[in-house]
Structures are given as structure tokens and as C-alpha cells.
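S.K.: Take this structure, written in C-alpha cells, and hold onto it; I'll ask about it next.
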């Protein structure tokens, strides 16, 4: 994951020269012709974890605000937008190349409901009905925890988040940490964290904010 040297998919400005190339993938039940480039996460297609998430997560909310944390070239955000055309999909990434690709790929598919941006460009008042993410585990535990604590508390009442994590990269310990941290920080919110499903080397974790506590 990431590119050679200091240039990683979580670099704000990748040092590798920008060279876009066509990418044909299968999303939301149909073949899609998109663009990709080096210097981002999984530039050659839909990675295994994201595939597990897209195939295993329940349908997203059909309305409201949806979120993709760490959008890359856009597979999760585009799928959310295709499956929930009545919702607004926010796709966040620190990598400007990823942001540009996601916006351009959304435009190529005629998806006017996608908004890709840096995290700080999202209105802090927005609450999300659905969050899907293949979170950037390799940024390090401290940074990963900060990212998740930035977004998961912004679930709307009755909202759910689905996170796909490899078992050998700490899915079970992340589940325990999230459960404890959200309960301690937001005791009145009633967050629950559970294992929604297991697919070979991956687990899908579910974070639920109940409609009423």
C-alpha cells in the first residue's frame, strides 16, 4: 500500500508525476469506465478490502448525507452515489490527486451528488446517515484513531458506519478500542460497535448510533 519512497497514498501532494490512465471496473452492478493515476491508494482497481465492503455492507441510506473516508479514486463514494441517487455523498481524502479523480469520475458517470474534498472542507454541522470506509490503517494507529474520532461521532441518530479491516491488521483490537472510546467520550449517544460479518481475511465492523437512547 502506498508508493515507493516518501510518496504515499496519504501524501497531500504526491511527488510522482501525474499521468492519468483509463480504468474499467465493475461498480453497483455495471461496468464503469473511469480514470486513475499513480500516487493514490489502489490505483489499478478495486482492492480486496473495498470489494468486501461493497459486497458485504447493507444498502446505504437512500437520502441524507453519506460519507466515504479515504476516497482514493472513488470506488466507495461512486457506489454510494449510484445506489443512493437521492442522497449527498461526501468523499474525503488528504490526497489532492484522489480528490480530483473522485470528482472527475463522478462527473463522468453523471453523478451530481458527489462532493469530494479535504476533510476540513466538509461543513462541521453535517451529520451522516451512512458512513462506509476502508480506513487507512497504514497511516499509523494514532493518526487512524484521530481520523475515526473525527467522523464516527458525526453519525446521525439512527445512522450506521461500516468499516472493513483486515484481521491481521488489528480488526478485533480496533473494534474493542472503538467501543471503549466512543462509550467513554459520548456516554449519552448510545454508540454500539460490533462485528457485522467476516469475509476470509477481512472483517466488517459496524458502528451504530441508535435513533433514541
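S.K.: Å³ per residue of the Cα convex hull, for the stretch 59-213? Write out the running numbers ahead of the final one.
M.R.: Numbers: hull volume 16.9 nm³, N = 155.
Cα convex hull per residue, to the nearest whole number: 109 Å³.
S.K.: Calculate how many DSSP beta bridges within the stretch 92-213 are antiparallel, expressed in % of all such bridges and rounded to the nearest 5.
M.R.: Working: 14 of 20 bridges.
Expressed as a percentage, antiparallel bridges in the stretch 92-213 total about 70.
S.K.: Can you pull the one-decimal nm distance between simple spin-label points at residue 198 and residue 167, each 7 Å off the Cα toward Cβ?
M.R.: 0.5 nm
S.K.: Starting from the Cα-Cα distance between residue 189 and residue 141, subtract it from 0.36 nm times their residue separation and give me the gain in nm to one decimal.
M.R.: Between residue 189 and residue 141, full extension yields 14.8 nm more.
S.K.: With springs only between Cα atoms under 10 Å, which of 73, 177, 132 fluctuates most in a Gaussian network model of the chain?
M.R.: 177
S.K.: On a 0 to 90 degree scale, rounded to 10, what angle separates helix 171-185 from the longest Cα axis of the chain?
M.R.: Around 60 degrees separate the two axes.
S.K.: Over the stretch 24-136, what is the relative contact order in percent, taking alpha-carbon pairs closer than 8 angstrom and at least six residues apart?
M.R.: Numbers: 219 pairs, mean separation 32.7, N = 113.
This gives 29 percent for the stretch 24-136.
S.K.: Give me the percent relative contact order of the chain, please, defined on Cα pairs under 8 angstrom at least 6 residues apart.
M.R.: About 17 percent, as a whole number.
S.K.: While we're here: If you wrap a convex hull around the alpha carbons of the stretch 53-132, what volume per residue comes out, as a whole number of Å³?
M.R.: Working: hull volume 6.0 nm³, N = 80.
Once divided by residue count, the hull of the stretch 53-132 is 75 Å³.
S.K.: For the chain, set up a Gaussian network in which alpha carbons nearer than 10 Å are linked by springs, and say which option among 141, 167, 19 fluctuates the most.
M.R.: 19
S.K.: Right, next: Cut-off 10 angstrom, C-alpha nodes, Gaussian network model of the chain. Which of 87, 156, 107 fluctuates the most?
M.R.: In the Gaussian network model the winner is 107.
No value in this document is a laboratory result; all are computed from the given coordinates. On a predicted model such as this, the values are computed, not experimentally measured, just so you know. Neighbour counts are summed over all protein chains in view; Cβ atoms, including those assigned to glycine, are modelled from backbone coordinates with ideal geometry.
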